[in-house]
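Accompanying notes for the structure given below.
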Amino acid sequence: MGRSGGSTLTSKWIKTKVLMRSTAISPLIPETVRFSRENLKKMLQKYKMVYIKPERGTYGNGVMRAEVVTESGRTLYQYQRDTKKTKKSDIEAFYLSLKKHIGSRSYLIQKGIVLLKHQDRRFDLRVMVQLSPKGTWETTGMIGRVAQSGKIVTNYHNGGKPTSIEKLLSPHMNSARQAELIRRLKKLGEDIGRFYHKKNLGFKQLGVDVGLDRTLTPWIIEVNTNPDPYIFNQLKDKSMYRKVMAYRRALGKRKS
Ligand SMILES: Nc1ncnc2c1ncn2[C@@H]1O[C@H](COP(=O)(O)OP(=O)(O)OP(=O)(O)O)[C@@H](O)[C@H]1O
Ligand SMILES: [Mg+2]
């Protein structure tokens, strides 16, 4: 049980597999497979850049970014953990080096999204979706998270900075396009809430991690089932924070 009622599910693999069954949502999920030697080769060949992460991770811990790079005409494999980069010229040595960090734990490989940047730092978005007192799914908050300089994860516990969406989107699009994207994200969050609800997973609040690429496509990086509401308290404008907390209190009082 989450702290305010509702079920939680930690396996990114299971959450992704369920969501892939929605024909409306699945095109926005970056391809995700289990970590293995064969899958590493296939995914790097296909996408050139992938994220490698624990099936049950939190706070961005253990997340690595792997890519194919060219240096003086030579193809190299590079991965980054925290801010440290490691390069290998041979895919088998590359796999073994990654494997040393993974050990026997279960990891996933996901198509990497080349995230938009703010002042040269990567950022992504968190869309908060909650079951309303009326019993409908409602997007109650949206916030951006800016990674620390040079880092590959945007999580607050990894030094990420919560920032208003408007501030992050403005340099990348005009206000009409911004309003359209916000509407789209709001609906996407609600679609995800309703879809999981239909599958009877018992979630009551969701935090959808969304990455934007250069084309402004909103990719669903991960859906958190026990999302941190306090991130919204970091904004100067407290209206979203108050709404998220009010819905949360109402959920705590619901019978089911
Ligand atoms: N496929 C991807 N493409 C681009 N960036 C990614 C990708 N996967 C993860 N990231 C970055 O790494 C961060 C952490 O990844 P993710 O949300 O999957 O795990 P987690 O944060 O450890 O889990 P939790 O949110 O449950 O604590 C994301 O917020 C995002 O900034
Ligand atoms: Mg996350």
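Suppose we filter S104, S97 for residues that are away from ligand 2 (no atom under 16 Å from the Cβ), closer than 28 Å to I14 by Cα and part of a loop (DSSP other than H, G, I, E, B); which single one remains? Explain how you work it out, then say what you get.
On the way: S97 fails: part of a loop (DSSP other than H, G, I, E, B).
Among S104, S97, only S104 is away from ligand 2 (no atom under 16 Å from the Cβ), closer than 28 Å to I14 by Cα and part of a loop (DSSP other than H, G, I, E, B).
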Checklist entry - Here is a list of conditions, (1) among the small types (G, A, S); (2) in contact (Cβ under 8 Å) with a residue 24 or more places away in the chain; (3) more than 14 Å from I109 (Cβ to Cβ), and S26 meets all of them except one; can you say which number that is? => result (2)
Checklist outcome for this item: Out of (1) assigned to a helix (DSSP H, G or I); (2) farther than 30 Å from R21 by Cα; (3) within 16 Å of ligand 2 (Cβ to nearest atom), the one I192 does not meet is (2)
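Has the stretch 130-146 got any residue that is within 13 Å of ligand 1 (Cβ to nearest atom), part of a loop (DSSP other than H, G, I, E, B) and in contact with a Phe, Trp or Tyr (Cβ under 7 Å, 6 or more places away or on another chain)? First the steps, then the outcome.
Within the stretch 130-146, the first condition is being within 13 Å of ligand 1 (Cβ to nearest atom), and the residues that meet it are 143-146.
Right, trim to part of a loop (DSSP other than H, G, I, E, B) and you get none.
No, the stretch 130-146 has no match at all.
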Checklist entry - within 14 Å of ligand 1 (Cβ to nearest atom) and either in contact with a strand residue (DSSP E or B) (Cβ under 6 Å, 6 or more places away or on another chain) or among the β-branched types (V, I, T) (or both), is that true of R81? => result yes
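Going through V69, V50, V18 one at a time, which residue ends up being more than 13 Å from ligand 1 (Cβ to nearest atom) and under 15 Å from E222 (Cβ atoms)?
Working: V69 fails: under 15 Å from E222 (Cβ atoms); V50 fails: more than 13 Å from ligand 1 (Cβ to nearest atom).
That would be V18, the only listed residue that is more than 13 Å from ligand 1 (Cβ to nearest atom) and under 15 Å from E222 (Cβ atoms).
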Checklist outcome for this item: Of K238, K186, the only residue that is at pLDDT 95 or above and touching a strand residue (DSSP E or B) at 6+ places or on another chain (Cβ under 9 Å) is K186
Item to check | First in the stretch 146-173 and assigned by TED's automatic domain parsing to the domain that holds N224 and at positive phi, second anywhere and of a type outside the set (A, V, I, L, M) and more than 16 Å from ligand 2 (Cβ to nearest atom), Cβ under 8 Å, 6 or more apart | outcome: G150/T83
Checklist entry - Could you say whether any residue in the stretch 174-195 is on the phi < 0 side of the Ramachandran plot, surrounded by fewer than 20 Cβ atoms within 10 Å (Cβ to Cβ) and touching a Leu at 6+ places or on another chain (Cβ under 6 Å)? => result yes
Next on the checklist: I'd like to know if the stretch 125-132 contains one or more residues that are more than 24 Å from T154 (Cα to Cα), at pLDDT 95 or above, assigned by TED's automatic domain parsing to the domain that holds G159 and not polar (S, T, N, Q).
Outcome noted: yes
Item to check | Of all residues in the stretch 39-62 being at positive phi and in contact with a strand residue (DSSP E or B) (Cβ under 7 Å, 6 or more places away or on another chain), the one that is surrounded by the fewest Cβ atoms within 10 Å (Cβ to Cβ) | outcome: K48
Checklist entry - Looking only at the stretch 56-100, which residues are among the acidic types (D, E) and within 25 Å of Q148 (Cβ to Cβ)? => result E67, D82
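So that you can scan it fast, the table gives a plain yes or no per residue for (1) over 12 Å from the mean Cα position of the chain (by Cα); (2) under 18 Å from G160 (Cβ atoms):
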site	(1), (2)
D209	no, yes
L216	yes, no
E222	no, yes
I231	yes, yes
K236	yes, yes
Y241	yes, yes
M245	yes, no
A250	yes, no
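Restricting attention to the stretch 143-161, does a residue exist that is more than 16 Å from ligand 2 (Cβ to nearest atom), within 23 Å of Y241 (Cβ to Cβ) and either out of contact with any helix residue (DSSP H, G or I) (no Cβ under 6 Å at 6 or more places or on another chain) or not aromatic (F, W, Y) (or both)?
Scanning the stretch 143-161 turns up no residue that is more than 16 Å from ligand 2 (Cβ to nearest atom), within 23 Å of Y241 (Cβ to Cβ) and either out of contact with any helix residue (DSSP H, G or I) (no Cβ under 6 Å at 6 or more places or on another chain) or not aromatic (F, W, Y) (or both).
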Checklist entry - Within the stretch 215-231, is even one residue in a helix (DSSP H, G or I), closer than 26 Å to S11 by Cα and away from ligand 1 (no atom under 16 Å from the Cβ)? => result no
Checklist entry - List, please: which pairs have Cβ atoms under 7 Å, are six or more places apart or on different chains, and start with a residue in the stretch 85-106 that is polar (S, T, N, Q) and end with one that is part of a loop (DSSP other than H, G, I, E, B) and at pLDDT 95 or above? => result S106/E55
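The values are calculated or read from the model by the stated rules, or taken from the named source; none is laboratory data. Quantities reported herein were computed from a predicted structural model and do not represent experimental measurements. No Cβ is skipped: glycine too gets one built from the backbone with ideal geometry, and neighbour counts run over all protein chains shown.
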